[in-house]
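This structure is in structure tokens; I'll ask about it shortly.
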Amino acid sequence: MRLVLLGAPGSGKGTQAARLKSELDVPHISTGDLLRAAVAAGTPLGQKAKAVMDAGQLVSDDIMLGMLEERLSQDDARNGFILDGYPRNLAQVEALNGLLERIEQPLDAVVKLEVPAEEIVGRCEIRFKAQGRADDNPDVVRKRLGVYAEQTAPVADWYAERGTLKVVDGVGPLDEVSQRILAALGSARVPADS
Ligand code: AP5
């Protein structure tokens, strides 16, 4: 299964991908986690990305594509993946299509988690208090939601226009949301030409 999980910041992509990876027997690839690992390791890329992430903006498309390409070339991604956090703008859709074509790994499904903004702000506030993730600061969350509306919502539209997007209600107990995603995957298939 090669799955893209879309959704606003805090919609539960990471939470659900972590739950579904064993069910689907594929790795969870989160571009946010890859970046946070680079920041924690203090690599030159991580140092460059930190300020951008803390401001709620997007890291450059070139960096993200290189990072993704490297991750998808690892053995565990040969039989599929759950991609969380990528693509995040239309240029990344194009880059992903090109990359997956080159490695002959077409997508099987694209699922978007739908969660109202007020619920998202609440979730991020709880996590900010519990974990202190810099970009969960309420001001930055509002910026991230703005970036999502401007740059990432068109990604969902792109897949929807091609009839390949499944929209799932992301509000409710974690297990219920997981079950909704699995039910959506029962019928979600990306045609070979998209
Ligand atoms: P990234 O890590 O991808 O963050 P995000 O998508 O903006 O948001 P989250 O990870 O916060 O949300 P999520 O949907 O995974 O929700 P989660 O499961 O964590 O990116 C961070 C930054 O890196 C970006 O801003 C950007 O700077 C950079 N970046 C990453 N990818 C990039 C790319 N492709 N291009 C350029 N830049 C990129 O859940 C959130 C909280 O809600 C958790 O506390 C969770 O416990 C809780 N929760 C989850 N589900 C539920 C539920 N059903 N009910 C109640 N609470 C819930």
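Regarding Leu58, is this residue modelled with pLDDT of 95 or more and in contact with a strand residue (DSSP E or B) (Cβ under 9 Å, 6 or more places away or on another chain)?
Numbers: modelled with pLDDT of 95 or more: yes; in contact with a strand residue (DSSP E or B) (Cβ under 9 Å, 6 or more places away or on another chain): no.
For Leu58, the condition - modelled with pLDDT of 95 or more and in contact with a strand residue (DSSP E or B) (Cβ under 9 Å, 6 or more places away or on another chain) - is not met.
Looking for something free of Cβ contacts under 8 Å to residues at least 60 places away in the same chain, more than 8 Å from the ligand (Cβ to nearest atom) and either open to solvent by 50 Å² or more (accessible area, probe 1.4 Å) or closer than 19 Å to Ile120 by Cα (or both) - is there at least one such residue anywhere in region 58-65?
Scanning region 58-65, I find at least one residue that is free of Cβ contacts under 8 Å to residues at least 60 places away in the same chain, more than 8 Å from the ligand (Cβ to nearest atom) and either open to solvent by 50 Å² or more (accessible area, probe 1.4 Å) or closer than 19 Å to Ile120 by Cα (or both), so the answer is yes.
Something else: Among the numbered conditions (1) within 16 Å of Asp33 (Cα to Cα); (2) surrounded by fewer than 18 Cβ atoms within 10 Å (Cβ to Cβ); (3) at pLDDT 95 or above, tell me where Arg133 comes up short.
Just one mismatch for Arg133, condition (3).
Out of region 120-130, which residues are over 13 Å from Pro9 (Cα atoms), near the ligand (Cβ under 8 Å from one of its atoms) and not small (Gly, Ala, Ser)?
Ile126
Residues of region 72-89 being more than 11 Å from the chain's Cα centre (by Cα) and of a type in the set (A, V, I, L, M, F, W, C), which ones?
Leu72, Ala77, Phe81, listed by residue number.
Looking at region 88-104 only, could you name the residues that are touching a Phe, Trp or Tyr at 6+ places or on another chain (Cβ under 9 Å) and in a loop (DSSP other than H, G, I, E, B)?
Arg88
Still on this structure, I have one more. Go through the residues of region 82-93 one by one and say whether even a single one is open to solvent by 50 Å² or more (accessible area, probe 1.4 Å) and acidic (Asp, Glu). Steps first, please.
Looking only at region 82-93, we keep the residues that are open to solvent by 50 Å² or more (accessible area, probe 1.4 Å), and these are 88, 90-91.
Of the ones still in play, those that are also acidic (Asp, Glu) are none.
So far as region 82-93 goes, no, none of its residues is open to solvent by 50 Å² or more (accessible area, probe 1.4 Å) and acidic (Asp, Glu).
Check off (1) open to solvent by 70 Å² or more (accessible area, probe 1.4 Å); (2) of a type in the set (A, V, I, L, M); (3) in contact with a strand residue (DSSP E or B) (Cβ under 9 Å, 6 or more places away or on another chain); (4) within 28 Å of Gly66 (Cα to Cα) for Val167 and give me the number that stays unchecked.
(4)
In addition: Quick check on this structure: which one of Ile126, Ile120 is under 16 Å from the mean Cα position of the chain (by Cα) and hydrophobic (A, V, I, L, M, F, W, C)? So that I can check it myself, show each step before the final result.
On the way: Ile126 fails: under 16 Å from the mean Cα position of the chain (by Cα).
When all the criteria are applied, what remains is Ile120.
Out of Glu119, Glu125, Glu114, which single residue is surrounded by 14 or more Cβ atoms within 10 Å (Cβ to Cβ) and touching a Gly at 6+ places or on another chain (Cβ under 7 Å)? Write out each step before concluding.
On the way: Glu119 fails: touching a Gly at 6+ places or on another chain (Cβ under 7 Å); Glu125 fails: touching a Gly at 6+ places or on another chain (Cβ under 7 Å).
Result of the check over Glu119, Glu125, Glu114: Glu114.
With the requirement that a residue be surrounded by 14 or more Cβ atoms within 10 Å (Cβ to Cβ) and free of Cβ contacts under 8 Å to residues at least 24 places away in the same chain, what does region 154-164 give you?
Ala160
Taking the residues in region 21-38 that are buried (at least 18 other Cβ atoms within 10 Å of the Cβ) and without any contact (Cβ under 8 Å) to a residue 40 or more places away in the chain as candidates, determine which candidate is nearest to the ligand (Cβ to nearest atom).
Within region 21-38, the match that is nearest to the ligand (Cβ to nearest atom) is Leu35.
Considering region 82-92 alone, what residues qualify as being more than 10 Å from the ligand (Cβ to nearest atom) and either modelled with pLDDT under 95 or touching a Leu at 6+ places or on another chain (Cβ under 7 Å) (or both)?
Ile82
The values are calculated or read from the model by the stated rules, or taken from the named source; none is laboratory data. Keep in mind it's a predicted model, so treat the numbers as computed, not measured. Cβ sites come from the backbone with ideal geometry, for glycine too, and all protein chains shown count toward neighbours. For the accessible areas, the whole protein counts, side chains as well, though only heavy atoms, and no ligand, DNA or RNA atoms are used. Shrake-Rupley method; radii C 1.70, N 1.55, O 1.52, S 1.80 Å.
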